[in-house]
1. Would you mind listing the distances between the B:PRO221 label point and the same position in each other copy? Use 7 Å along Cα-to-C-beta, nm, one decimal, shortest first.
2. To the nearest 100 Å², how much accessible surface do chains A and B cover up together, summed over both, with a 1.4 Å probe?
3. Could you work out what % of the accessible surface of region A:1-140 is carbon and sulfur, using a 1.4 angstrom probe and leaving DNA, RNA and ligands out of the count?
4. Mind checking which aspartates and glutamates have their Cα closer than 12 Å to the Cα of B:LYS293? Skip sequence neighbours fewer than 8 apart in that chain.
5. By the gyration tensor of its Cα atoms, with a ≥ b ≥ c the square roots of the eigenvalues, what is the shape of region A:3-240: rounded for a/c under 1.5, prolate for a/b over b/c, or oblate?
6. What number comes out for accessible area per residue over the protein assembly as shown if the probe is 1.4 Å? Units Å², please.
7. Hand me the GluC sites (Glu not before Pro) from region A:171-244 located in a DSSP loop with no more than 15 other Cβ atoms within 10 Å, in residue order please.
8. Placing the label point 7 Å from Cα along the Cα-to-Cβ direction, what are the distances from B:GLY173 to the equivalent spots in the other copies, shortest first, in nm to one decimal?
There are 2 protein chains.
Amino acid sequence: MDFKKRAKISYHPVVKAIARSLKAAEVIKPRGEVAVVVGVSGGADSVALLLGMHALSQRRGWGMRLVVGHVQHHLRGDEAEADALFVEDLAKHLGLAYERRDLDLREAKNIEEAARRGRYEALGEIAVQADCVWVATAHHADDQLETVLMRLLRGAGARGLRGVAKVRSLVEGVKIVRPLLGVGKEQIEKFLCETEQDWREDHTNADVERWRAKLRHEVLPVLKEIRGDAAIKAVQLGDRMRGLEGVLQDAVAEVIENDAREVDGVFHLPRDRARQCREIVLMGVLRSLAMLKGVDSDRCGERELGPITKSVRDQQGGMRQFELYGGVRVVVTRDSVLISNN
Amino acid sequence: MDFKKRAKISYHPVVKAIARSLKAAEVIKPRGEVAVVVGVSGGADSVALLLGMHALSQRRGWGMRLVVGHVQHHLRGDEAEADALFVEDLAKHLGLAYERRDLDLREAKNIEEAARRGRYEALGEIAVQADCVWVATAHHADDQLETVLMRLLRGAGARGLRGVAKVRSLVEGVKIVRPLLGVGKEQIEKFLCETEQDWREDHTNADVERWRAKLRHEVLPVLKEIRGDAAIKAVQLGDRMRGLEGVLQDAVAEVIENDAREVDGVFHLPRDRARQCREIVLMGVLRSLAMLKGVDSDRCGERELGPITKSVRDQQGGMRQFELYGGVRVVVTRDSVLISNN
């Protein structure tokens, strides 16, 4: 890469945004050294992320070692193999280590979900083997807006509207960071054009996630016309919801700590105390206790817990019993709420 | 109205939904009597609301007296006058009292906002004069989805995403209720067609609120294609956000009660205690205290308070000072946060 092109990259707003994110997430610390796997599919977003991270890794004092991780899902025939070669070439051109993992999703029931899980698992494995403590992925502001809208349509609360996290744990000792979350899609493609960097188009996106594609092509352009920074607003919303979800969890933890007790493997909660809780807090308390007894988090939402909180809060005295998944039972008596596992 | 048509109306799902809402909001109480102003513009939504409320008022034991309230904004020339006559005729046909108020918005800076305020003021006035304790307005689920999306695009937190309230106070002794909030637009128009009831189309909607119209015509149809009950999900989201906002306010109130004190008109908050708060709670505390000192609620959002919470939470010891609107000053010292009004 010639000097002029490198300088152009290094001071580009997208690269500056990546730098800010990496510092805020404490991936980069003063005088520290860090090894990061960059997940690169070959699409515009991840190529931009790689280019930006590479430019930063060359800055004096940044001490960032990069490994390019590519996951071949084997879902799109020859095109996918060409993507893998493209990423391998790019890594070589930048002088970076390249690691590839191949998934076998032929037996998966929900292909989309299995691909997602498999991809993160593979990136985590690469990180562990290459002695990296971070995996960087290329989620950006438009992804966040799509996610928030999808969650809204499916009926989300604060937890759902948090969207994609800027930082989260992946496996023991490895965290994921999303340094592009504050950057919009348009800005990313502009960055690649300005730096004359090629990328691979994924022509099957529309088939793999049909609704998401509909949002992307039909809804997002209108929302951005109404409000140019709509995607960034979705990222801010995610941050706020993360804060609110934390406040809710604090309130839930306080009730559990002060008022719930476990006797012979059965959780007891005084019913008058439960009645005083806001409904959303009570639901959180029941949810936490049910999960401690083994119910899956997606099997104790509002649909399952709503009738229970309602019966806790009404004035009836008779005993009522509710069955949750996994053999967990909630009994509402005149004075108590009991959560047990058969 | 003949018997057959009346029966058709009385057991229609839309009327049942209105009945459920009125009971849930305790507008209708067992053996109670109640007087309600129904705000009717002449559009499909408010005509449907009036028709439904009228059918219910005729049910045995409901004891509901209705007054039809129409606000003429004088923004759309002859068409608006024709709307007023249409509503007056409909009220007469149903045997209901009709009250009209005329607004003069020629001097308003923000016409949209002034129209909204003027409308609610007029409806409140009608309620007080006609001895009614409720005003019913025709906001429906699609309105809620639009509102939530607009708020999302403008950058909302839980407070904004609550959307339109099912019930809220209007003036001393008068509350607003929205009995159609759980009903979608499509269902409303179907109801009117099935009961052969005319309504007036507002042809200037698109001009008065351009962005909202864009959402309505270009975004909502796609969202509903993705998820038929998208609008209902937005209503549920509003409920959840209302609950969460309550939890946040509880946390804020607890900090203020336990840790803030007022000395000589200056609020004091120990800085180490402020530091322990989640950022969103600290922001709420500063907001509440600033509002007690006279700052407008829309002049102390994240933009104004973000730099203050940041400085409270950093490790610097020197004194820093922030000016909010209305002469309110926040001073961060080594040990305290002080909020005062000059």
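The values are calculated or read from the model by the stated rules, or taken from the named source; none is laboratory data. Because the structure is a prediction, the values reported are computed rather than measured. Glycine also receives a Cβ, built like all others from the backbone with ideal geometry; neighbour counts cover every protein chain displayed. Calculation scope for accessible area: heavy atoms of the full protein, side chains included, ligands and nucleic acids excluded. Shrake-Rupley method; radii C 1.70, N 1.55, O 1.52, S 1.80 Å.
1. Result, one decimal in nm: 1.5.
2. Buried area between the two chains comes out at roughly 3600 Å².
3. The value for region A:1-140 is 48 percent carbon and sulfur by accessible area.
4. Within the straight-line cut-off, B:LYS293 pairs with B:GLU262.
5. rounded
6. Value returned for the protein assembly as shown: 50 Å² of accessible area per residue.
7. Here the GluC sites (Glu not before Pro) that fit, given the DSSP loop and packing criteria, are A:GLU172, A:GLU196, A:GLU201, A:GLU209.
8. So the label point of B:GLY173 gives 7.3 nm to the other copies.
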